[in-house]
Amino acid sequence: MSAPAIEARDVRFSYAPEADVLRGLSIAIAPGEFAGVIGPNGAGKSTLLKILAGVARPLSGEALLFGKDISRIPRREAARALALVPQSTETLFSFSVGEVVLMGRHPYGSLMAFEGAEDREIALEAMERTGVARFEKRSFHELSGGERQLVVLARALTQRPSVLLLDEPTSSLDLRHQAEIYRILTDLNRSGLTVVVVTHDLNLAARYCRRIDALAEGRIVATGAPAELLREPLVRDLYGAEVDVFADAAGRPIVLPRAGDGGGA
Amino acid sequence: MSGRSRLVLGLVSGGALLLAALVVCPLVGPVPVDFARAFDFSLPAVENQDREIFFRLRLPRVLLAAIVGGSLAVAGATFQALLRNSLAEPFTLGIAGGASFGAVVAIHLGLAAGVLGVPAVPLAAFLGAVLSVAIVWFLARSGRRVPTVTLLLAGVTVNVFFSAAILLVNYLADLSQVHRMIHWMMGGIDTVGFDKVVRTLPFAAVGTAILWIQARSFNVLSLGEETARSLGVEVERTKLVAFGAASLVTGAAISASGPIGFVGLIVPHGVRLVLGPDHRVLVPVSALAGGAFLAVCDTVARTVLGSGELPVGVLTGLLGGPFFVWLLKTRSREL
């Protein structure tokens, strides 16, 4: 049996003493999976992603990338296997879109070297894949939030990763950009990329992810296919809110908050 | 234009600017110097006034200005990248306060003899710079990491503390000492012979080389520390090495010339406007352009009053203040 693409084993983490964010969390995601991690604010979703990406170290337990402890893998080597897309990205100074995307080649370059023709080709391919090639010369600052996220996604692809982790990739984006990002992720996943998305948007998760992990109080409390997992009692308990769960034409769940007395029509 | 061609363009034009400054500036001054006579080595030195002025007074001074200017510009570009703040400059983290404190203490105690041929005042200034940087670094540490925000706050705090300490020493000192202290703190290129040049150059050269090697990581750091880490940058190690190298470069410069403000702000911004923000281009070209910039500023400063010299720190301050306001008003989106 092959090792999971990424795995956390009994991970504990805290930002302040005696206030553990993650409390013995374990999760294993197989190669080629498209997983969504959901859970209320403060449950530890973003922290989990940082630990899986190796940018934060657990207090105890371990994070593994293809079966190897990520803290023992040289950072540059890890960066060739795994890419992280944060919730939002700001650059200091006016780097162009092309320059930002080329930074994805950092783990492949040496010291002061400039990127070569091959690197530029890979970057261009990534920009075409996310539809931002026409912005190449523009300053990253000038772009809207949705355009930036597509650029950052292109930057992540330029790393040529096997695993892509995304933290709320669509949280401040309009409908078109939400659909755009998930369409690209679905394509990439079909061609073998392991995708893990942390999200608050249960409906997008239900539509695109093949597996959902529910996180509460620093632990994974449930795992399953969207249709099994997104049921009314679990979602209510998870978020502490009354919800209605419907099914769309394809049987995928749609979750809406229940309008209270006097609220809504 | 690709990064590599921008680097070549920057090195060639920056190098040409610096070379022009190094040739022209020593010829400018109240006493005209005959270039041909200055290089006429057949006359004995004492009889060749052109040679004395050119080689003992003006050339060392122009070279020192270039080294100090290049150092401050490179350090400025580094601090802007490390602190993720394009209004940062080499003195943002209290290094000028520490160095000035060292200098005023040495002046007050009347220390004359130095160590290994380095006179007491620049030596004390250098030690003060190193001390202040070490204090800031350890104050800002939180566990294994040194967050940028606490680094800035620690820098401001240390600067305020040293300012008060300097005032105390000023208060205790007699008038002639106070005059020397204030003159030192104005920042000026004041040198006879090549001693200061020889002392400062190794720091500038080695420091710039170290920072140039880190430049690729500085680019990635501008996307944020977490992203940089996920792209394979050893963030804390990079910060420590770059912070250390930039501080030594600044400390050496300041011990030779006193604090000369705004060079570290103006020059990197100018280079960025022309060649873009890529640090692999910015760091080396800032070194050349900063050298040319301060060499010219110092030449203006020593001639503009006709009789007597204006400390160049006063001039760069007068230029830099409005520039800072302009940056704040027009480019705040990038800050």
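Where a number appears in this text, it was derived from the coordinates with a stated rule and is not lab data. Please read these numbers as outputs of a predicted model, since none were measured by experiment. When we count neighbours, we look across all protein chains shown, and the Cβ atoms used for this are built from the backbone with ideal geometry, even at glycine.
Condition test on residue A:160, is it under 30 Å from residue B:265 (Cα atoms), more than 10 Å from every other protein chain (Cβ to nearest Cβ) and in contact with a helix residue (DSSP H, G or I) (Cβ under 7 Å, 6 or more places away or on another chain)?
When the stated conditions are applied, residue A:160 does not pass them.
Only one of (1) crowded, with 19+ Cβ neighbours inside 10 Å; (2) within 14 Å of another protein chain (Cβ to nearest Cβ); (3) more than 23 Å from residue A:125 (Cβ to Cβ); (4) within 14 Å of the chain's Cα centre (by Cα) fails for residue A:93. Which number is that?
(4)
Quick one: in segment B:166-179, which of the residues that are surrounded by fewer than 17 Cβ atoms within 10 Å (Cβ to Cβ) and in contact (Cβ under 8 Å) with a residue 12 or more places away in the chain is nearest to the chain's Cα centre (by Cα)?
B:170
Mind listing whichever residues of segment B:174-220 are of a type in the set (Val, Ile, Thr) and within 14 Å of chain A (Cβ to nearest Cβ)?
Within segment B:174-220, B:208, B:210, B:213, B:220 qualify.
Given the residues B:147, B:202, B:122, which is the only one that is surrounded by fewer than 16 Cβ atoms within 10 Å (Cβ to Cβ) and closer than 30 Å to residue B:288 by Cβ?
The match here is B:202.
Do you know which residues across segment A:126-139 are small (Gly, Ala, Ser) and in a helix (DSSP H, G or I)?
Answer for segment A:126-139, where residues must be small (Gly, Ala, Ser) and in a helix (DSSP H, G or I): A:126, A:133.
When the residues of segment B:227-260 are filtered to those that are surrounded by fewer than 23 Cβ atoms within 10 Å (Cβ to Cβ) and either touching a Pro at 6+ places or on another chain (Cβ under 6 Å) or outside any helix (DSSP H, G or I) (or both), which remaining residue is farthest from the other protein chains (Cβ to nearest Cβ)?
B:234
Hey, among B:90, B:30, which residue is assigned to a loop (DSSP other than H, G, I, E, B), over 23 Å from residue B:252 (Cα atoms), away from chain A (no Cβ under 14 Å) and not aromatic (Phe, Trp, Tyr)?
After applying the criteria, what remains is B:30.
Kindly provide the set of residues from segment A:188-226 that are free of Cβ contacts under 8 Å to residues at least 40 places away in the same chain and among the charged types (D, E, K, R), ordered by number.
A:190, A:201
Just the residues that are surrounded by 16 or more Cβ atoms within 10 Å (Cβ to Cβ), away from every other protein chain (no Cβ under 14 Å), hydrophobic (A, V, I, L, M, F, W, C) and in a loop (DSSP other than H, G, I, E, B), please, taken from segment A:27-82.
A:43, A:66
Within segment B:46-62, does at least one residue satisfy the condition of being surrounded by fewer than 23 Cβ atoms within 10 Å (Cβ to Cβ), within 14 Å of chain A (Cβ to nearest Cβ) and not in a helix (DSSP H, G or I)?
no
Scan A:204, A:215, A:188, A:173 and give me the residue that is surrounded by 23 or more Cβ atoms within 10 Å (Cβ to Cβ) and of a type outside the set (Ser, Thr, Tyr).
A:215
Kindly indicate which of A:123, A:179, A:113 is within 13 Å of chain B (Cβ to nearest Cβ), of a type in the set (A, V, I, L, M, F, W, C) and assigned to a helix (DSSP H, G or I).
Unique residue meeting the criteria: A:123.
Being without any contact (Cβ under 8 Å) to a residue 60 or more places away in the chain, of a type in the set (Lys, Arg) and under 20 Å from residue B:222 (Cβ atoms) is true for just one of A:134, A:138, A:129, A:148. Which residue is that?
A:138
Filter segment B:25-34 for residues that are within 23 Å of residue B:293 (Cα to Cα) and either touching a Ser or Thr at 6+ places or on another chain (Cβ under 9 Å) or surrounded by 12 or more Cβ atoms within 10 Å (Cβ to Cβ) (or both) and give the result.
Selection gives B:25, B:26, B:27, B:28, B:29, B:30, B:33.
Listed here are the residues, each with its yes/no results for (1) over 14 Å from the mean Cα position of the chain (by Cα); (2) under 24 Å from residue A:134 (Cα atoms); (3) among the small types (Gly, Ala, Ser).
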site	(1), (2), (3)
A:159	yes, yes, no
A:162	no, no, yes
A:180	yes, yes, no
A:191	yes, no, yes
A:200	no, no, no
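On the basis of being in a helix (DSSP H, G or I), in contact with a Leu (Cβ under 6 Å, 6 or more places away or on another chain), within 14 Å of chain A (Cβ to nearest Cβ) and closer than 28 Å to residue B:223 by Cβ, does residue B:283 make the cut?
Judged against the criteria, residue B:283 is a match.
Which of the residues belonging to segment B:298-317 are outside any helix (DSSP H, G or I) and of a type in the set (Ser, Thr, Tyr)?
Within segment B:298-317, just B:307 meets the criteria.
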